[in-house]
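Only one structure is covered here, and it is reproduced in the block below.
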Amino acid sequence: MDDERYRRGLAKLKEVDGEAGERVVAAMQDIAPDFARLMVEYPFGDVYSRPGLDLRSREIATIAALAAMGTCAPQLAVHVNAALNVGVTREEIVEIMIHLSIYAGFPATVNGLAIAKQVFAERDRDAPL
């Protein structure tokens with residue numbers, strides 16, 4: 001096993017997704033521990049750690065792809081949070097979803113906006129006073 005790749009991936013996962021990413025990995029440990037490790041090593045240890053795009057750009061691409069797929073609501077919510085964590089604004093997320101309507105259609109946009117709205121409300125609710 002490549003422990004350096006795993007450590008690099010875990011550090012990047014924490015940087016992007018914080019505790020939410022760790023919860024996703026932990027949820028896979030009991031049923032598919034090898035897959036849980038791959039979820040850290042490949043996307044975050046290999047791809048997210050590459051030069052060429054900053055984390056902000058990567059999260060913009062990720063939320064656009066997940067929203068366009070239309071079948072990834074839980075993952076989209078995690079990555080809307082991640083986008084906010086790395087500096088994408090709420091206004092930019094809404095604009096990404098509107099832009100998506102051209103290529104993925106109105107249903108994907110409506111669903112993506114609904115998830116974004118839910119994430120924004122959760123963050124507002126959980127924000128310290």
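What follows draws every value from the coordinates through simple rules; no lab data is involved. Fair warning: this is a prediction, and the values are worked out from it, not measured in the lab. Because the Cβ atoms are built from the backbone with ideal geometry, glycine has one as well, and the counts that use them run over all protein chains shown.
If you wrap region 38-78 in the convex hull of its Cα atoms and look at it from every side, the mean projected area works out to 3.1 nm².
Work out, in µm²/s and without decimals, the Stokes-Einstein translational diffusion coefficient of region 1-50 at 37 °C, 0.692 mPa s, Rh from Kirkwood over C-alpha pairs. The estimated diffusion coefficient comes to 315 µm²/s.
Over every pair of different alpha-carbon atoms in the chain, take the mean of 1/r and invert it; report that Kirkwood radius in Å.
Final number for the Kirkwood radius of the chain is 15.2 Å.
Counted by neighbouring Cβ atoms within 10 Å, the residues M97, M28 run from fewest to most as M28, M97. Remark: relative contact order (region 3-129) = 24 percent; criterion is Cα-Cα distance under 8 angstrom and separation of 6 or more residues. Remark: the A11-A127 segment gains 39.3 nm on full extension, using 0.36 nm per residue and subtracting the alpha carbon distance. Per-residue ellipticity at 222 nm, computed for the chain from helices alone with -39500 (n - 2.57) per DSSP H run of at least four residues, works out to -24500 deg cm²/dmol. What the Kirkwood sum gives for region 24-100 is a hydrodynamic radius of 13.4 Å, with every pair of different alpha carbons counted.
Between I31 and E19, the simple label model (points 7 Å from Cα in the Cβ direction) yields a spacing of 2.3 nm.
Net charge within 11 Å of A36 by Cβ-Cβ distance, Lys/Arg positive one each and Asp/Glu negative one each, not counting A36 itself? If you can, show how the numbers build up before the last one.
Numbers: positive: R37; negative: E22, D30, D34, E41.
Taking every other residue near A36 into account, the sum is -3.
A simple packing score, the average count of other Cβ atoms within 10 Å per residue, orders the peptides 119-127, 86-94, 40-48 as 40-48, 86-94, 119-127, with the highest score first. Stokes-Einstein, applied to the Kirkwood radius of region 82-129 over Cα pairs at a viscosity of 0.692 mPa s and 37 °C, places its translational diffusion at 289 µm² s⁻¹.
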